[in-house]
Amino acid sequence: MEDYEPTIIAFTCNWCTYTAADLAGTSRLSYPPNVRLIRVMCTGMVDPKYVIKALLEGADAVLISGCHIGDCHYMNGNLKARRRVKLLKELLPRFGFDEQRVKLTWIGASDGIQFAETITEMVPKLKALGPNEVRNQMVL
Amino acid sequence: MAKIAKIEVKEQNPLNSLQGFFKTLLEQGEISAILVPQHLPMKDVVMPTLVTDPEKLNGTDPLAPVFPMNAAKLVSRLTGKPLGGSVAVVLRPCEIRAFIELVKLKQGRMEEVILVGIDCLGAYSNVDYPRFVGDDGTQATLRFCQNALAGKSTAVEDFDLSPACKACEYPIAENADVLIGLVGVDINQQMLVKANTPEGEALLEKLKLPEAKEPDGRKKAIDSLVAQRVAYRDKMFAETTEATSSIEKLTSYLANCVNCFNCRVACPVCYCKECVFVTDVFDHEPTQYLRWAKRKGIIKMPTDTVFFHITRLAHMSTACIGCGQCSNACPNNIPVMELFRTVSSHTQKAFDYEPGRSVEDEPPLSIFREGEFLELTGGKE
Amino acid sequence: MVTFTLNGRQVEAEEGSTILEVAETYNVKIPTLCNHKALEPAGLCRLCTVEVYDGRRTRFVTSCNYPVWGGMEVKTDSEDVIRHRKMIVELLLARCPNNEFVKGLAAEFGIEATRFKLEEDDCVLCGLCVRMCAERMGVSAISMTGRGTDIRVETPFQIKSDACQVCGACESVCPTGRIDVREIAKYEPRPLLSDWEVGLQERGAAYMPFPQAVPLAAVIDGEACAHVRTGNCGVCREFCEAGAIDLDMKEEIIEVEVGSIILATGYDLMDPSPMKQYGYGVYPNVFTSLEFERLSNATGPTGGVILIRDENGELTVPPKSVAILHCIGSRDVNHHEYCSRVCCMYALKYGHLIKEKVGHETKVYNFYIDLRCFGKGYEEFYRRLQEEGITFIRGKAAEITDQAITPEEEGKLVVIGEDTLLGKRLRVPVDAVILCMAMEARSDALDVGRIFGVSQGADGFFLEEHPKLGPLNTATDGVFIAGACQGPKDIPDAVSQASGAAAKSLALATLGKVLVPSTISWIDPNICAGCQTCIGLCPYTAIEFDARRGVSVVNEALCKGCGSCAGFCPSGAAQVRHFNQKQIFAELDGVMDAISAVGI
């Protein structure tokens, strides 16, 4: 699996992490191209279904990233997201999805560097983990 | 201190005495109706009935080892909006627990309902019950109760009680308003009636039943029954965990799912009016199927089966009370209950949540707090 | 009303008023030492003596406490009166022969020398200080002690008073400058420094905020005002002819309903004290840029004359050479990485002002990293300054010291740096140094941001909605930002941004209605099961339960579209428009289709 490139689907909140990713880009920071962003207004609107679906479609990891606690543009959306991620982290490993395949981070709008670092750190870990088993299953 | 009374049993027929009790309840309990399972006259099946006439209680058989559906859904229908009178509902512990979950989700109200719980000795699946009962009706019920309470095997031919019941560690409806106790009680002599709430006590007052004491053996008998079931449950957890521990295994576990959604229809805590999987969100473009297929060269149809089950786990595993109606409803014999209970044991523990315990407990995803689950983000807020 | 004659003129006065008061209203000047508007008349100095004729005989009375009556004839400047007063002044001159005030008073009365025995005192025993302390301050930390020729002003037992509240009222009313509150009070007086003059000047507890204040009205510093603190004093009220002073004003919270808000909270100037190498606070003639701004300002503490501190710390000496150090705290990885943008231009302006005001021979050295003269006319100004003979040294100054190693460095501040264009280390002796301090976000920006829902960028300044497309907007609708609270900027930029913000804000206000964002939630009534969990999750209380239909309903005017409801709703009845599940899934499918097609 040397040429295996993991796919990360990142649900990023419009106000913080999406902006941070933008900043990482405009700051010309380089980070692995393995991530695809899906912008949401707030991590609080990330339905657990999205994460499940992404993994079932073959994504190797799902990153949910929003504003730091206390900085949520909508006051407490990230607190709700945290509970939902907690649930997913209990649920998905039961079916062999490694715990690392769902990740929650708080990356503020100005943390372009942290965004780049987060992705840079995730990719080798996912490579070590190997591809999502779903890729070989005829299942959705 | 809970108030305890007894129903005296005559002619070694607890069912008749129970029917008498319900009659008294309807006549003297100042209630409008009673919801209780009865043998239907037209066919020997047991179904919940809503009775207002005390004379129409003759087929009552809440002890029959079957519950074709989780009656919490019916109580929810009765209490969703003001009823204009109170109704006593005779339920199994799992039905009461499901109803409490539904009340939290505003699908029912406690105000006009008296929960009457009966110690649950378990039930056969909807398919197995007719084979068990034959045309014996209430006699089969009595035979079953005697056997079960004596600790004898409930297995008949090639079948036994449903796995959900065998794994159920909640045989006693401690959170009912009025509890009818069988376990550890000589039901040929008497049955216990225990009021657990002020509403239950008020009701018992009206019925003027003889007072009683809890028999010494009851606690021990309950503990032993629960221990037996916990042992079965843990074995089931271990087996199911093994059988679903990878996506490949889960796929084969759910291989014959046809997306009929019967499990979710039967599930008492799946309270959605319309499951999201039947809304237009899952009304995929035909071309999308082709693209999915193209990715791997092959895709199982119907799609979204594993997705449906994992999503349903995400939605309601914290509320799963383990009644097993999902398995009961599955046309293709997928052991849905086993999967759900196994996963639920983890998700419920994660939020320190026990479904059906009390209406005061808030469902895990309906609340959120600062400073919790910090481990998800490296220990920091 | 009573009528009487004042210096031969018929005058009218309120009954009960004193001759001195009436004389004042008729512009008749009566000299006095011990009279004070805020104090009860005491008749102590007797300088206000006038002549009163009652029709039978003439009497000499102290006008400050002699009430008027009908028919009296008052003469305030008769020969007898003047002779009388001269005698008093001559006696005072004998008592305080070296006091400037008394000498001036004597000169006014034409007295050159005194015939009496000279003493060495500065106190004229007017008692103003003692009366002020007792009557208005309610303290009586000092009093008149002794009798006859031994009478003097003292604290009890002649020890420093701990009853004294160090208000300095005694000092402020003393005509001769004899009273020094330091001799009275046990505690060291703390000067009230003017914020506007960045501490270069003192002010009273009642003061004009700054010369261009709008409205141009005095304010009272409640933390320093003796009345606010103790309920006493209130002297200012006696002097305000307009009666505009309300010392009993209470703090009130005023709620104003507005359609939009503009945050223009400005910036803080970075404090140079922690940067020990520049010796701010150690060497008196190291100034921050803002201090120098006041020193060169016509309304500043020196009236616009550029002066630096003498050995007593007073601003008296014109500098012969000045070093201007650019980028202190800005463009510095140890402090702020950003450029403060305004320093280059004001540094050039300072150079120009020094040359113009102090004299062309004054040497001005600019230690700079880069000169960023990017605005309209700025580069031309830079070129002009080069022609004016200002020295530009490319290299950030490393240190300021007073340790001379050559004779010409003696008594000077030495700026140690490097001219990176010449590749030479330099020691430049100067009289004064100006530190061009970084502009930084206000220390309370976090709290203010929380109130208005505006976040801060990494540099601490308020974050605009978008650097290019929404530079005036913030994450909160209807809240705009202008000026240096958003980032360092000069006046033209601040004015443009503020005008833009004002226009945006007016546009909102005049519209009279609010356009709700299209990205808000919607609950499908056909799917909603009425569990009402979303109501508990909504941070804006934007969801209500419609009991008749048994469904939850989104109030579109309140919903901000965060999707807390949608993230929970298991049936997908609650969804955010433009971020609905079908759209997210389509996006996800698209991404995954593309990835499976190309491999990554």
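So here's what we get for this one:
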item	result
Residues located in the range A:15-36, provided they are closer than 14 Å to residue C:587 by Cβ and at the interface with chain C (Cβ under 9 Å from one of its Cβ atoms)	A:36
Scan of the range B:262-292 for residues that are more than 30 Å from residue B:99 (Cα to Cα), more than 7 Å from every other protein chain (Cβ to nearest Cβ) and surrounded by fewer than 16 Cβ atoms within 10 Å (Cβ to Cβ), ordered by number	B:283, B:285, B:286, B:287, B:289, B:290
Criterion: within 14 Å of chain A (Cβ to nearest Cβ), free of Cβ contacts under 8 Å to residues at least 24 places away in the same chain, within 30 Å of residue B:264 (Cα to Cα) and surrounded by fewer than 21 Cβ atoms within 10 Å (Cβ to Cβ) - qualifying residue of C:535, C:595	C:535
Scan of the range A:60-84 for residues that are surrounded by fewer than 24 Cβ atoms within 10 Å (Cβ to Cβ) and away from chain C (no Cβ under 11 Å), ordered by number	A:69
Qualifying residue in the range C:578-585 (condition: touching a Leu at 6+ places or on another chain (Cβ under 7 Å), within 25 Å of residue B:271 (Cα to Cα) and crowded, with 17+ Cβ neighbours inside 10 Å)	no
Meets criteria (touching a Lys or Arg at 6+ places or on another chain (Cβ under 6 Å) and either aliphatic (A, V, I, L, M) or in the same structural domain as residue B:167 (by TED's automatic domain parsing) (or both)) for residue B:212	yes
Matching residues, the range B:1-37, being closer than 19 Å to residue B:197 by Cα, among the hydrophobic types (A, V, I, L, M, F, W, C) and surrounded by fewer than 19 Cβ atoms within 10 Å (Cβ to Cβ)	B:1, B:2, B:4
Residue tally, condition in a loop (DSSP other than H, G, I, E, B) and under 24 Å from residue C:427 (Cβ atoms), over the range C:331-346	3
Qualifying positions in the range A:113-140 - under 15 Å from the mean Cα position of the chain (by Cα), within 12 Å of chain C (Cβ to nearest Cβ) and closer than 30 Å to residue A:73 by Cα	A:114, A:123
Residue match in the range C:563-580 (condition: more than 14 Å from chain A (Cβ to nearest Cβ), at pLDDT 95 or above and not in a strand (DSSP E or B))	no
From C:457, C:530, residue being more than 14 Å from chain A (Cβ to nearest Cβ) and either more than 29 Å from the chain's Cα centre (by Cα) or within 28 Å of residue A:17 (Cβ to Cβ) (or both)	C:530
Which numbered condition residue A:6 misses (of (1) within 24 Å of residue B:350 (Cβ to Cβ); (2) in a loop (DSSP other than H, G, I, E, B); (3) within 11 Å of chain C (Cβ to nearest Cβ))	(1)
Long-range neighbours under 6 Å by Cβ, at least six apart or interchain, first residue under 28 Å from residue C:307 (Cβ atoms) within the range C:319-334, second buried (at least 23 other Cβ atoms within 10 Å of the Cβ) and small (Gly, Ala, Ser)	C:319/C:432; C:322/C:432; C:324/C:347; C:325/C:397; C:326/C:347; C:329/C:438; C:330/C:340; C:330/C:438
Pairs where the first residue, in the range C:183-200, is closer than 26 Å to residue C:286 by Cα and the second is of a type in the set (Gly, Ala, Ser), C-beta under 8 Å, 6+ apart	C:189/C:168; C:192/C:204; C:192/C:205; C:192/C:224; C:193/C:199; C:197/C:300; C:200/C:194; C:200/C:300
Number of the condition not met by residue B:42 [criteria: (1) among the aliphatic types (A, V, I, L, M); (2) within 17 Å of residue B:192 (Cα to Cα); (3) without any contact (Cβ under 8 Å) to a residue 24 or more places away in the chain]	(2)
Subset tally (residues that are basic (Lys, Arg), closer than 15 Å to residue A:38 by Cβ and in contact (Cβ under 8 Å) with a residue 12 or more places away in the chain) for the range A:48-90	0
Those residues of the range B:105-144 which are of a type in the set (Ser, Thr, Tyr), at pLDDT 90 or above and farther than 17 Å from residue B:323 by Cα, in sequence order	B:141
Residue under evaluation residue B:210, criteria (1) within 18 Å of residue B:18 (Cα to Cα); (2) crowded, with 17+ Cβ neighbours inside 10 Å, criterion not met	(2)
Of residues in the range B:293-330 being of a type in the set (Ser, Thr, Tyr), within 12 Å of chain C (Cβ to nearest Cβ) and outside any loop (DSSP other than H, G, I, E, B), the one surrounded by the fewest Cβ atoms within 10 Å (Cβ to Cβ)	B:311
Every residue from the range B:68-123 that is part of a helix (DSSP H, G or I) and of a type in the set (Asp, Glu)	B:95, B:101
Conditions (1) surrounded by 19 or more Cβ atoms within 10 Å (Cβ to Cβ); (2) outside the structural domain of residue C:173 (by TED's automatic domain parsing): number failed by residue C:112	(1)
Filter pass, residue C:219 being at pLDDT 90 or above and on the phi > 0 side of the Ramachandran plot	no
Long-range neighbours under 6 Å by Cβ, at least six apart or interchain, first residue under 18 Å from residue B:308 (Cβ atoms) within the range C:563-577, second part of a helix (DSSP H, G or I) and not β-branched (Val, Ile, Thr)	C:570/B:315; C:572/C:581
Scope the range C:406-418; condition buried (at least 16 other Cβ atoms within 10 Å of the Cβ) and among the acidic types (Asp, Glu); matching residues	C:409, C:418
Output for the range C:281-295, where each listed residue is buried (at least 20 other Cβ atoms within 10 Å of the Cβ) and either assigned to a helix (DSSP H, G or I) or modelled with pLDDT under 95 (or both)	C:289, C:291, C:292, C:294, C:295
Members of the range B:242-270 that are of a type outside the set (A, V, I, L, M, F, W, C) and on the phi > 0 side of the Ramachandran plot	B:259
Residues of the range C:1-38 that turn out to be part of a loop (DSSP other than H, G, I, E, B) and surrounded by 20 or more Cβ atoms within 10 Å (Cβ to Cβ), as a count	6
Filter result for residue C:595 (assigned to a helix (DSSP H, G or I) and at pLDDT 95 or above)	no
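Conditions (1) closer than 20 Å to residue C:417 by Cα; (2) touching a helix residue (DSSP H, G or I) at 6+ places or on another chain (Cβ under 7 Å); (3) surrounded by fewer than 16 Cβ atoms within 10 Å (Cβ to Cβ), marked per residue:
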{"site": "C:336", "(1), (2), (3)": "no, no, no"}
{"site": "C:341", "(1), (2), (3)": "no, no, no"}
{"site": "C:350", "(1), (2), (3)": "no, yes, no"}
{"site": "C:377", "(1), (2), (3)": "no, no, yes"}
{"site": "C:395", "(1), (2), (3)": "yes, no, no"}
{"site": "C:404", "(1), (2), (3)": "yes, no, yes"}
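The values are calculated or read from the model by the stated rules, or taken from the named source; none is laboratory data. Treat the numbers as computed from the prediction; the structure is a model and nothing was measured. Positions of Cβ are generated from backbone atoms using ideal geometry, with glycine treated the same way; all protein chains shown enter the neighbour counts.
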